Amino acid sequence: MKLSDLLKQYRAENKISQRELARRCGLSNSLISLMEMGVNPQTGKEMSPDLETYRKIADCLGVSIQRLFETLGTDATVSLYVGKGTDIDVSAEHYEAIIERKKMRGYVEVLLDQEERNLIKAYSDADKGTKAAVRKLLDIN
């Protein structure tokens, strides 16, 4: 499924405008409009949002970013900024490998939803005993 179709479908099912969807996602109305068109009119290329935009859309739709990419399948492309004005567009199924290969660790956290980020932070801040208890509870060695 194309991102443009998913956004249109979500708006139709929830009876909301592009402006309201943009507000709920924390994105601009113009970006939502461009994503629904599916093509960047300046470049003529398919719209390729960055991972942060996909994370905001996933949060807005109430799904994980992984679930969003599963829904979009190979129709999704991700724009990854790699420095010095260079962007690369990759299919969503390859985004994780690209992030690892390019050592773009800052992008990895956008793959997690807010609850997962909160859990990781709480675990990181916990004392040794609490961490041991969590590992035991989750059966993690």
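Structural remarks
- Among the residues making up region 120-141, a single one is surrounded by 10 or more Cβ atoms within 10 Å (Cβ to Cβ) and either in contact (Cβ under 8 Å) with a residue 12 or more places away in the chain or in a loop (DSSP other than H, G, I, E, B) (or both): Ala126.
- Index of the failed condition, Thr86 passing every other in (1) surrounded by fewer than 13 Cβ atoms within 10 Å (Cβ to Cβ); (2) at pLDDT 90 or above; (3) of a type outside the set (Asp, Glu): (2)
- Within the option set Ser17, Ser48, being over 17 Å from Glu116 (Cα atoms) and either more than 15 Å from the chain's Cα centre (by Cα) or loosely packed, with under 13 Cβ neighbours inside 10 Å (or both) holds for one residue only, Ser17.
- Looking at region 19-73, the helices (runs of 4 or more DSSP H) lying wholly inside it that each contain 3 or more residues that are within 15 Å of Asp5 (Cβ to Cβ), modelled with pLDDT of 90 or more and in contact with a helix residue (DSSP H, G or I) (Cβ under 8 Å, 6 or more places away or on another chain) sit at 29-37.
- The condition of being of a type in the set (A, V, I, L, M, F, W, C) and over 14 Å from the mean Cα position of the chain (by Cα) does not hold for Leu68.
The values are calculated or read from the model by the stated rules, or taken from the named source; none is laboratory data. Given the structure is predicted, the values throughout are model-derived calculations rather than measurements. Please note: Cβ atoms are built from the backbone with ideal geometry, for glycine as well, and neighbour counts cover all protein chains shown.
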